[in-house]
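Derivation of every value follows stated rules applied to the coordinates shown; laboratory data play no part. Keep in mind it's a predicted model, so treat the numbers as computed, not measured. Positions of Cβ are generated from backbone atoms using ideal geometry, with glycine treated the same way; all protein chains shown enter the neighbour counts.
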């Protein structure tokens, strides 16, 4: 059944945003055609709402009261504000690539002395250039999801990272998204990471706001291909301001014997959604996805993962932990598809939510679609409060109520955080969790 | 002043009154055994002293060094020197035993206005206590009680007792689930902690434990009251005649 829903004010505003921004969007010819097609798809689909199964728990028609216009190119004042946010969010020992209001900021980024086999370009540069192969890869996502289509139409800038065959980079790359806009605005970014064969890198993406920045909307997407025998460690830290929206999509493809280790931590933003399609396209590949949501107030955070096992002998593990306080709402949707050829697939998914208040909400939706007969697949989900018998044991040993809760919450998220291979990043995730716990009243 | 004074205590859980006017006085240096049949209220008494929620004290009082214990939160009681060795110690996955011990000890020290122990000083103390009690150091690295045998869990309780140095130790059915060798190890640990500054209340269903931890006083509980008190010979008497006589008396 086709449900025709009247376009909301927000949906209309986004349509207008494209019309206004069109002239500023990089790329002509085929790129412009693809943008137009993507935009037409968005126009047909409209903002996702609860009657679209994938968006059931994150009804943007209800949550997104207004659509902001495309952020202006950062002016000197905006860049200065962003510059002040760089230092506290810099991670030692990592190469920093900064996007300010969705536009690459060369002066805040470290682009000198790149390791052998590493190439970094901007999305704008690539779309305005002549490299049609990579332009095509940048537009591989289908227009079936409204927010992906909107991002394809509007993507202004981003980073395009290529790592050559055999290059295993010691220095992690840190893509830092800073919202620095003086007035409410939307940013549309698209990035690409292409790892050749037998290559390796650690990629960190973090989303933050400069001091004093209030409402803004992040629309991001990332396209990743991991070549045969390569390994990508990917960490996302969503630390956006408390009035911000962050809608992000990722499409990840793994080659043979490739390894993808992923960790996401969402503690910021008012409304956030991370939707990723991870495809095991080469035999013997391995995926580990781990996520932690730390939510309070009226925050809403949605993680929606699709693991697509298309070939035999691949393994995937999904571990997700949500800590939900006050009136916050955490969503985890995990879909696993095991296609007919994907024999000997080993796919497991475990999601647990901890509710710290009576009004907190957590939705877990696991979906397994298995078309092969010789596979090991499993999922589990639990939702509950802290265990009173554990709390009493700790209190009888001298811990205050808050200390006892904090220790149990740390243990609860610990299993997911432990999966981070890089020591600095693991410590960073632990300290983010500790800060969140200390801020609890 | 007695260390612990329980006066005419009545306690209910939901609609059931479990303790009906229980009195008990414990002085420093003494070891008291509380015996009684299942359902006589022994564990309820230990939980109420430690401050477990879900129990409603409807009458009487509990004084600890003359202070009103019932007014204190469980963590305040721990910091003041009350320690309950649990009948069923809980498993806490993801919290390393060492982290738990350090957090607990420092929380107690902080509450008493003492300085927190830094990690090296703490480790030295913890290893010293563990070695003394024959607790493998490896056990301290594992999650609290996770995958521990019954004997290991009880030893972990005694390790905590030795580390926190409480003035009142309540041992709730510490013999339950232990074979005779494990019981002997646990009892040795407890005996090593007997001191003129410390009192112990040993709660048990069976006389067997009292061969290893020899009490100064024995109290028999039945239906929520202490129905008979005496010396250690009372335990032997019970072993011979059973609890039936007291159930009739109560």
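The distance between label points at residue B:192 and residue B:16 comes to 3.9 nm (points 7 Å beyond Cα on the Cα→Cβ vector). Taking the square roots of 5 times each eigenvalue of the Cα gyration tensor of the protein assembly as shown, largest first, gives ellipsoid semi-axes of 61, 25, 24 Å. Please give the Cα centre distance for region A:266-338 versus region A:68-146, rounded to the nearest Å. What the calculation gives is 25 Å, centre to centre. Normalised by the number of residues in chain A, the average gap of Cα pairs under 8 Å and 6 or more apart makes the relative contact order 10 percent.
One equal scatterer on each Cα of chain B, no solvent, Debye formula: the resulting log10 I(q)/I(0) at q = 0.11, 0.12 Å⁻¹ is -0.58, -0.70. Across all Cα pairs in region A:58-199, the calculated P(r) in 5 Å bins from zero up to the longest distance comes to 2, 9, 16, 19, 19, 16, 12, 5, 2, 0 percent per bin.
First check a/c for region A:68-386, with a ≥ b ≥ c the square roots of the eigenvalues of its C-alpha gyration tensor; if it is under 1.5, answer rounded, and if not, answer prolate when a/b is larger than b/c or oblate otherwise. Kindly include the intermediate steps, with their values, before the conclusion.
Values: a/c = 1.82, a/b = 1.14, b/c = 1.60.
Oblate shape, in that a/c is at least 1.5 and b/c is the bigger or equal ratio.
Global dimensions of region B:10-143 from alpha-carbon coordinates: Rg and Dmax equal 17.6, 50 Å. Counting Cβ atoms of other protein chains within 10 Å of each Cβ in B:144-150 and taking the mean gives 1. Mind checking the log10 I(q)/I(0) for region A:43-91 at q = 0.14, 0.22, 0.23 Å⁻¹? Debye, one equal scatterer per Cα, no solvent, two decimals. Results for region A:43-91 at q = 0.14, 0.22, 0.23 Å⁻¹ read -0.65, -0.78, -0.80. Summarising the label geometry, the points placed 7 Å from Cα in the beta-carbon direction at residue A:12 and residue B:134 lie 8.2 nm from one another. Helix B:119-132 sits at what angle to the longest principal axis of chain B, using alpha carbons and giving 0 to 90 degrees rounded to 10? Helix B:119-132 sits at roughly 50 degrees to that axis.
Report the full-extension gain for the segment residue B:165 to residue B:110: residue separation times 0.36 nm, less the Cα-Cα distance, to one decimal in nm. Numbers along the way, then the final one.
Details: separation 55, 0.36 × 55 = 19.80 nm, distance 1.49 nm.
The residue B:165-residue B:110 span can extend by a further 18.3 nm.
Between A:333, A:299, A:30, the Gaussian network model of chain A with springs among Cα atoms under 10 angstrom shows the greatest mean-square fluctuation at A:30. Of the residues A:198, A:107, A:143, the one that moves most in a GNM of chain A with alpha-carbon contacts below 10 Å is A:107.
Using 0.36 nm per residue and subtracting the Cα-Cα separation, the extra length available between residue A:415 and residue A:20 on full extension is 137.5 nm. Once the chain from residue A:65 to residue A:112 is taken as fully extended at 0.36 nm per residue, the excess over their C-alpha distance is 12.7 nm. Would you mind checking the tilt of helix B:97-111 against the longest principal axis of the Cα atoms of chain B, expressed as 0 to 90 degrees and rounded to 10? The angle comes out near 70 degrees.
For n ≥ 4 DSSP H runs only, could you compute -39500 (n - 2.57) per run for the protein assembly as shown, divide by its residues and tell me the 222 nm figure to the nearest 500? Don't jump to the answer; show the numbers that get you there.
On the way: 19 runs with 206 residues, N = 691.
About -9000 deg cm²/dmol.
Given R0 = 35 Å, the distance between the Cβ atoms of residue B:88 and residue A:373 translates into a calculated FRET efficiency of 0.20. Against chain B, whose longest principal axis is taken from its Cα atoms, helix B:150-164 shows a tilt of about 80°. Peptides A:277-287, B:57-67, A:50-60, A:401-411, ordered by how many other C-beta atoms sit within 10 Å of their residues on average, highest first, read A:277-287, A:401-411, A:50-60, B:57-67. How much FRET efficiency would the formula 1/(1 + (r/R0)^6) give for residue A:92 and residue A:28, where r is the Cβ-Cβ distance and R0 is 51 Å, rounded to 0.05? Efficiency computed from Cβ-Cβ geometry: 0.80.
For peptide B:91-101, compute the average count of partner chain beta-carbon atoms within 10 Å of each residue's beta-carbon. Mind dumping the intermediate values first?
Values: counts 2, 7, 6, 10, 8, 2, 0, 0, 3, 6, 1.
That average works out to 4.
If I build a Gaussian network model for chain A, linking alpha-carbon pairs within less than 10 angstrom, which residue out of A:81, A:395, A:352 has the largest mean-square fluctuation? Of A:81, A:395, A:352, the Gaussian network model singles out A:395 as fluctuating most.
Per residue of A:399-407, count partner chain C-beta atoms within 10 Å of its C-beta, then hand back the mean as an integer.
Numbers: counts 10, 8, 3, 0, 6, 5, 0, 1, 9.
Per residue, the number of nearby Cβ atoms from other chains is 5 on average.
For the pair residue A:132 and residue A:242, a Förster radius of 35 Å applied to the C-beta separation gives a FRET efficiency near 0.25, rounded to the nearest 0.05.
Would you please classify the overall shape of region A:144-228 from the alpha carbon gyration tensor, given that a ≥ b ≥ c denote the square roots of the eigenvalues, rounded means a/c under 1.5, and beyond that prolate means a/b larger than b/c while oblate covers the rest? Present the calculation step by step, with values, prior to reporting the outcome.
Details: a/c = 3.68, a/b = 1.68, b/c = 2.19.
It is oblate, given that a/c is not under 1.5 and a/b is not larger than b/c.
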